[in-house]
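As structure tokens, the structure follows; a few thoughts come after it.
The values are calculated or read from the model by the stated rules, or taken from the named source; none is laboratory data. Note that the structure is a prediction, hence the values are computed from the model and not measured. All Cβ positions, glycine included, derive from the backbone under ideal geometry; neighbour counts span all protein chains shown. All accessible areas refer to the heavy atoms of the entire protein, side chains included, with ligands and DNA or RNA removed. Shrake-Rupley method; radii C 1.70, N 1.55, O 1.52, S 1.80 Å.
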Amino acid sequence: MLQHPQIDPVAIAIGPLKIHWYGLTYLVGFLVGWWLGRLRARKPWSPITEEQMGDMLFYIALGVILGGRFGYVIFYNFSAFAADPLMLLRVWEGGMSFHGGLLGVIAAMFWQARRLNASFLQVSDFIAPLVPIGLGAGRIGNFLNAELWGRTTDVPWAIIFPGAGPQPRHPSQLYEFALEGVLLFIILWLYSARPRPTGAVGGLFLMGYGAFRFIV
């Protein structure tokens, strides 16, 4: 049985400016995804060029942040939003939704596909192997924030999380980091190393993510 380290969620504080670890995990996910995307853009079958990867990252990041925030407010905290609509803008208070972020990314990919004169499936096949990087980074952020813990257990690596009572629990954030982040990235990166039928890489991502999320 282990104790959660209870890390201060604020990584850097300069006067009123506070940079949270969770925000830094997003930044790492975007930067690594951009770098790997430039590597993928060098493939002869890539629908985008290295130079276009910057614009792609911008719209994907916009989709993740706006979609994730809007999804959290609508799906999980709508009553508070109805009473105080400005809470949508107070992102420093926390609250992001994977479902909303996914919808935001899909909208961004549709927009980029239209701008690049490519099909949506071509763009999604290009982006899919990069997504696990962001998912894995986000799960590390969840662990640092001591949120989204699993159910109670007596396994030797169980962790007592602050705010979750005295019972040790599964560190499900780390399970998801390993499966949805590391393992899914390896599978997709290797599978997409050569040309595949249009839609196959994106389809494999959906199957892999769904299966790993169900297992956890």
Margin query: Step by step: first the residues of segment 175-210, then only those that are of a type in the set (Gly, Ala, Ser) and farther than 17 Å from Gly136 by Cα, then the one that is most open to solvent (accessible area, probe 1.4 Å). Which residue is that?
Written below: Ala193
Next item on the list: Being hydrophobic (A, V, I, L, M, F, W, C), within 15 Å of the chain's Cα centre (by Cα) and either surrounded by fewer than 15 Cβ atoms within 10 Å (Cβ to Cβ) or under 21 Å from Asn145 (Cα atoms) (or both) is the filter here, so list the residues in segment 1-39 that pass it.
Entry: Trp21, Leu24, Leu27, Val28, Phe30, Leu31
Item checked: Residues that are more than 26 Å from Arg213 (Cα to Cα), open to solvent by 70 Å² or more (accessible area, probe 1.4 Å) and at pLDDT 75 or above, drawn from segment 83-103 -> Ala83, Pro85, Leu86
Check: Listed residues Arg69, Arg42; which is modelled with pLDDT of 90 or more and either within 20 Å of the chain's Cα centre (by Cα) or closer than 21 Å to Leu188 by Cβ (or both)?
Finding: Arg42
Note to self: under 20 Å from Arg69 (Cα atoms) and free of Cβ contacts under 8 Å to residues at least 60 places away in the same chain: is that true of Leu27 in this structure?
What the structure shows: yes
Check: Which one is nearest to Lys43 (Cα to Cα) among residues in segment 176-214 that are part of a helix (DSSP H, G or I) and in contact with a Pro (Cβ under 7 Å, 6 or more places away or on another chain)?
Finding: Trp189
Check: Would you call Ile74 in contact (Cβ under 8 Å) with a residue 12 or more places away in the chain, open to solvent by 50 Å² or more (accessible area, probe 1.4 Å) and outside any loop (DSSP other than H, G, I, E, B)?
Finding: yes
Note to self: List pairs: first residue in segment 161-179 and among the aromatic types (Phe, Trp, Tyr), second residue assigned to a loop (DSSP other than H, G, I, E, B) anywhere in the structure, Cβ distance under 8 angstrom, at least six positions apart or on different chains.
What the structure shows: Phe161/His4; Phe161/Ala146; Phe161/Trp149; Tyr175/Gly150; Tyr175/Val216
